[in-house]
Amino acid sequence: MENRNRQVLLKRRPTGAPTPADFEITDAPLPDPGEGEVLVRGIYLSLDPYMRGRISGVRSYAKPVEVGAVMEGRVVGEVARSRDPGFREGDYVLGGYGWQLYSAVPGQGLVKLDPREAPLAAALGVLGMPGLTAYVGLSEIGQPQRGETVVVSAASGAVGAVVGQLAKREGARVVGIAGGADKCRYVETELGFDACIDHHAHELGTAIDLACPKGIDVYWENVGGAVQQAVFPRLNDFGRMVMCGMVAEYNDVEPRPGPNLMSAVRRRLKIQGFIVSDRWQRFAEYRAMAAPLLKSGELKYREDIVDGLERAPEAFIGLLQGRNFGKLVVKLGDDPTRR
Ligand code: NDP
């Protein structure tokens, strides 16, 4: 075990796209667990688009990260010392320890992980918050029916990949939208979507018309921007638009003009936003459904693993520009289950 901790702090609130200068990498004393706490050594840190909202200081559904504080984020780690009788040294746990190598946290609220069930990092993606997001939004809002057409943006990403695969299991025709030929190839050949449109290469409207000859019944919105502008007028009567996120707009300084909503009246659309944290109670149900599919290889996923805490700011900046390919994870330290 190291005898120092290393952390990434929010140095200042970014305006527009974050830059490395908005973050500070610093050393700190190794935290000492108090009664009922455990010292966790981080192994994998999850980087997620929602973090852009947390550093903007704008009122939202969750408290912002304060300037000078450790960046927040979910981490899978190993218990290095325990002062909680419920945990032993060597246990693997999931919790919100932030962008740092070590953390002393109350045992209460930690989730124990069994590496025999799934690779540890899966708890941050396909079997974690992004997977649950896909499950909740699809089952409660999108509700795809057999033969309907579902369009998913950021289709190769953590949420989009699960959305498309679950919609396929419901018998829908599933069309992905992703950035670049490699991502599209992966979405079609590995994830099994019926088609995938490269939003960098194609005139989007025409490409959507070709890929969705019967229009669109469900649009899973992950990105906003030009993709949303192209998809919205192509929604069918009684179409559903699952408002999951609009990552292409998270760095905007001014809000963009939205689509003309009169079409929602004419087409009797249902447009509904949701936040996965309102549905944690469905987590066990999601895991019970998804874990066996993962084990049997029916549910596929891809991780983009970046090595070293120091690279977290740069990787996060890239996530907001589509540079990741799959669930973005930072490897903080040795994963003993992968030796
Ligand atoms: P991803 O793994 O999908 O990574 C983000 C992807 O978004 C990129 O790979 C890129 O895909 C696309 N993207 C990023 N920047 C841009 C840009 N400037 N223009 C166009 N596309 C861009 O992330 P997640 O799966 O974790 O998240 C997907 C969405 O889901 C986000 O909007 C996120 O905020 C939202 N979310 C919402 C939750 C909720 O509770 N409502 C919970 C979790 C996530 P490509 O290159 O293919 O375009």
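The values are calculated or read from the model by the stated rules, or taken from the named source; none is laboratory data. Fair warning: this is a prediction, and the values are worked out from it, not measured in the lab. FYI the Cβ positions are ideal-geometry reconstructions off the backbone, even for glycines, and counts take in every protein chain you see. Note: accessible area is taken over every heavy atom of the protein model, side chains too, but ligands, DNA and RNA are not part of it. Shrake-Rupley method; radii C 1.70, N 1.55, O 1.52, S 1.80 Å.
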One residue from Pro31, Pro18 being in a loop (DSSP other than H, G, I, E, B), surrounded by 19 or more Cβ atoms within 10 Å (Cβ to Cβ) and assigned by TED's automatic domain parsing to the domain that holds Pro106 | Pro18
Could you tell me which residue of segment 304-320 is farthest from the ligand (Cβ to nearest atom), considering only residues that are open to solvent by less than 60 Å² (accessible area, probe 1.4 Å) and not aliphatic (A, V, I, L, M)?
-> Gly308
Evaluate segment 242-253: report whether one residue or more is modelled with pLDDT under 95 and either open to solvent by 70 Å² or more (accessible area, probe 1.4 Å) or in contact with a His (Cβ under 7 Å, 6 or more places away or on another chain) (or both).
-> yes
Go through segment 321-338 and count every residue that is buried (at least 19 other Cβ atoms within 10 Å of the Cβ) and either over 19 Å from Ala80 (Cα atoms) or not assigned by TED's automatic domain parsing to the domain that holds Leu47 (or both).
-> 6
Of the listed residues (Ala134, Ala155), the one being in a loop (DSSP other than H, G, I, E, B) and either within 10 Å of the ligand (Cβ to nearest atom) or small (Gly, Ala, Ser) (or both) is Ala155
For segment 163-180, what are the residues that are near the ligand (Cβ under 8 Å from one of its atoms) and assigned to a loop (DSSP other than H, G, I, E, B)?
-> Gly179, Gly180
List every residue pair whose Cβ atoms lie under 7 Å apart, where the two residues are 6 or more positions apart in sequence or sit on different chains, the first residue falls within segment 301-322 and is under 18 Å from Pro130 (Cα atoms), and the second residue, located anywhere, is in a strand (DSSP E or B) and open to solvent by 20 Å² or more (accessible area, probe 1.4 Å).
-> Ile305/Lys331
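Can Glu140 be described as charged (D, E, K, R) and away from the ligand (no atom under 12 Å from the Cβ)?
Working: charged (D, E, K, R): yes; away from the ligand (no atom under 12 Å from the Cβ): no.
Taking the combined requirement at face value, the residue does not satisfy it.
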Quick check: is even one residue across segment 201-218 within 11 Å of the ligand (Cβ to nearest atom) and not hydroxyl-bearing (Ser, Thr, Tyr)?
-> no
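Yes or no: Pro106 crowded, with 21+ Cβ neighbours inside 10 Å and either charged (D, E, K, R) or more than 25 Å from Asn324 (Cβ to Cβ) (or both)? Lay out the reasoning, then the answer.
Values: crowded, with 21+ Cβ neighbours inside 10 Å: no; either charged (D, E, K, R) or more than 25 Å from Asn324 (Cβ to Cβ) (or both): yes.
No, not satisfied.
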Selected residue (only one of Leu210, Leu204, Leu235 is in the same structural domain as Gln272 (by TED's automatic domain parsing) and open to solvent by 50 Å² or more (accessible area, probe 1.4 Å)) = Leu210
Can you tell me which residues in segment 40-87 are assigned to a strand (DSSP E or B), open to solvent by 10 Å² or more (accessible area, probe 1.4 Å) and β-branched (Val, Ile, Thr)?
-> Val70
Can you pull out the residues in segment 254-271 that are surrounded by 15 or more Cβ atoms within 10 Å (Cβ to Cβ) and small (Gly, Ala, Ser)?
-> Ala264
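Here's the yes/no breakdown for (1) touching a Pro at 6+ places or on another chain (Cβ under 8 Å); (2) assigned to a loop (DSSP other than H, G, I, E, B):
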residue: Leu299; (1), (2): no, yes
residue: Ile305; (1), (2): no, no
residue: Arg311; (1), (2): no, no
residue: Gln321; (1), (2): no, yes
residue: Phe325; (1), (2): no, yes
residue: Gly333; (1), (2): no, yes
residue: Thr337; (1), (2): yes, no
Scan segment 272-302 residue by residue and report those that are open to solvent by 60 Å² or more (accessible area, probe 1.4 Å) and within 16 Å of the ligand (Cβ to nearest atom).
-> Gln272, Asp278, Arg279, Trp280, Gln281, Lys300, Tyr301, Arg302
Please name all residue pairs, on different chains or six or more residues apart, with Cβ atoms under 7 Å, provided the first residue is in segment 150-171 and is more than 11 Å from Tyr219 (Cα to Cα) and the second residue is of a type in the set (Val, Ile, Thr) and part of a helix (DSSP H, G or I).
-> Ala154/Val247; Ala155/Val187; Ser156/Val187; Val159/Thr133
Filter result for Gly160 (near the ligand (Cβ under 7 Å from one of its atoms) and surrounded by fewer than 18 Cβ atoms within 10 Å (Cβ to Cβ)) = no
